[in-house]
Amino acid sequence: MHAPVTPIDIDLLIEARWIIPVEPAGQVLEHHAVAIRNGRILDLLPSDQARQRYRPQMLRTLGEHVLIPGLVNLHAHAAMNLLRGYADDLPLMRWLTERIWPAEQKHVSHDFVRDGTLLACAEMLRGGVTTFSDMYFFPDAAAEAALEAGIRAALGVVVLEFPSAWASDADQYLSKGLAVRDRFKHEPLLHFTLAPHAPYTVSDGTFERIRTLAEQLSLPIHMHVHETRDEIERSLSEHGVRPLERLHRLGLVGPELIAVHAIHLDDADIALLARQGASVAHCPTSNMKLASGASPMSALLAAGVNTGLGSDGVASNNRLDLFQEMRHAGLMAKLTSGDAAALPADRLLHMATLGGARALGIEHETGSIRPGKSADLCAISLDEAETRPCYSPLSHLVYAAGREHVTDVWVAGTARVAQGNLLHLHNNDLKARARLWQNQVAL
Ligand SMILES: [Zn+2]
């Protein structure tokens, strides 16, 4: 006879009807549980074994839910939540030059970014997003908002050649941005990227500095690339080569590159991204809304390029909703390739989680449910009229359910959403701040 084994004390045990860990791909576990201690995943095992092996301080039973890794929004301009619906139905360049840039010039400040980012964090957490990769002015204000919200963020050290309320020239964007990184780099939920805006707004000299900094500091490079045909034509006339070729010559196309949008790609561009191990942040909703085009996802995946999903800012979306991005990415790939098998559900969930984490270089920390990783988790109820019957929770996640079915969200083991409600951001306060900004912006 064996002596009874003493159960191990843990902080939290989450039991779920289904768990999709994302690694290994396509796996759907039934009646399993995740054991969490000190904010990290300690174990993933059948529920009946978990109850014997562990003594949790808290038990959450998700009887008719699917538990997945927290979603990773690989490209956002979170503070732009204060400009949601401000300018719609315009092509990218007119939308930027006639509406968005003038409004930003007038209103963007530390407080604007802090309040806008806080609103965005509230929206993302409620929608199951536990990590977002941001590119905006005043990254210090975005860092404060992310810490207050308790969400994981990869904040971009934004770089442009033209002045804003945040910085006057490329040197100052870099020095101020890197000072923000120095101030916050020990925060476990904050990560950083170098974020040159785009090939058409940054000079060769600045790109060379960025390449050196990326090497020295081991930072990803987060940049809009090949978003419009106009961008390619301008590069051909000004530099004699396509933007990606120019970036390659400057040494910027490597595993650290997150090429945002990457729509207008020829075979050589795709081969270059694949050969150099770069990642793509696919933003299907923004691309459709601005009529920028369709990124060749099937070809990128066939070439082995790592891909994640991004919302872009709400001014061109108008939601920070990764469920919507999964669905749109899938439908768009099927339509444009003429192949209904293109981008299946398990691939889309991979893009929305591990693919994004890998692009950011934080796949050891988040993106899948594996022992050792941070407990960044999202639960979705499938016990709804819209999700009954359920033959495949993976299919429902991508094609039937939505962010409105998210019930619980944990970031590093701390509950941020429970029963669909934000736990420590106060909705009324956020809405009051949004109203104040609306009055100013609408003037
Ligand atoms: Zn963008």
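Some values worked out for this structure:
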{"read-out": "Segment 62-89 residues that are within 19 Å of Ala352 (Cα to Cα), paired with ones that are at pLDDT below 95 and of a type in the set (S, T, N, Q) (beta carbon under 7 Å, 6 or more apart)", "value": "none"}
{"read-out": "Members of segment 69-80 that are of a type in the set (A, V, I, L, M) and in contact with a Ser or Thr (Cβ under 7 Å, 6 or more places away or on another chain)", "value": "Leu71, Val72, Leu74, Ala76, Ala78, Ala79"}
{"read-out": "Sole exception among (1) more than 25 Å from Leu322 (Cα to Cα); (2) within 16 Å of the ligand (Cβ to nearest atom) for Ala271, by number", "value": "(2)"}
{"read-out": "Those strands (runs of 3 or more DSSP E) lying entirely in segment 129-200 with at least 3 residues open to solvent by less than 60 Å² (accessible area, probe 1.4 Å), within 16 Å of the ligand (Cβ to nearest atom) and touching a Phe, Trp or Tyr at 6+ places or on another chain (Cβ under 8 Å)", "value": "152-159"}
{"read-out": "Where a residue in segment 261-282 is within 17 Å of Ser235 (Cβ to Cβ) and its partner, wherever it lies, is more than 16 Å from the ligand (Cβ to nearest atom) and modelled with pLDDT under 95, with Cβ under 6 Å and at least six apart", "value": "His264/Arg229"}
{"read-out": "Residue among His264, His222 that is within 16 Å of the ligand (Cβ to nearest atom) and more than 26 Å from Tyr173 (Cα to Cα)", "value": "His264"}
{"read-out": "Among the residues listed as Glu98, Glu123, the single one being closer than 29 Å to Asp11 by Cα and either part of a helix (DSSP H, G or I) or basic (Lys, Arg) (or both)", "value": "Glu123"}
{"read-out": "One residue from Thr407, Thr414 being surrounded by 14 or more Cβ atoms within 10 Å (Cβ to Cβ) and touching a Ser or Thr at 6+ places or on another chain (Cβ under 8 Å)", "value": "Thr407"}
{"read-out": "Residue identified as among the hydroxyl-bearing types (Ser, Thr, Tyr) and within 16 Å of the ligand (Cβ to nearest atom) among Ser286, Ser203, Ser237", "value": "Ser286"}
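Residue-by-condition table, conditions (1) at pLDDT 95 or above; (2) in a loop (DSSP other than H, G, I, E, B):
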{"site": "Arg370", "(1), (2)": "yes, yes"}
{"site": "Asp383", "(1), (2)": "yes, yes"}
{"site": "Glu386", "(1), (2)": "yes, no"}
{"site": "Cys390", "(1), (2)": "yes, yes"}
{"site": "Ser395", "(1), (2)": "yes, no"}
{"site": "Val398", "(1), (2)": "yes, no"}
{"site": "Val409", "(1), (2)": "yes, no"}
{"site": "Ala415", "(1), (2)": "yes, no"}
{"site": "Asp429", "(1), (2)": "no, no"}
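The values are calculated or read from the model by the stated rules, or taken from the named source; none is laboratory data. Remember, it's a predicted structure, so these values are computed and weren't measured experimentally. Counting neighbours? That spans all protein chains shown, and the Cβs are built from the backbone with ideal geometry, glycine included. When the accessible area is computed, the model is the full protein with side chains, heavy atoms only, and any ligands, DNA or RNA have been set aside. Shrake-Rupley method; radii C 1.70, N 1.55, O 1.52, S 1.80 Å.
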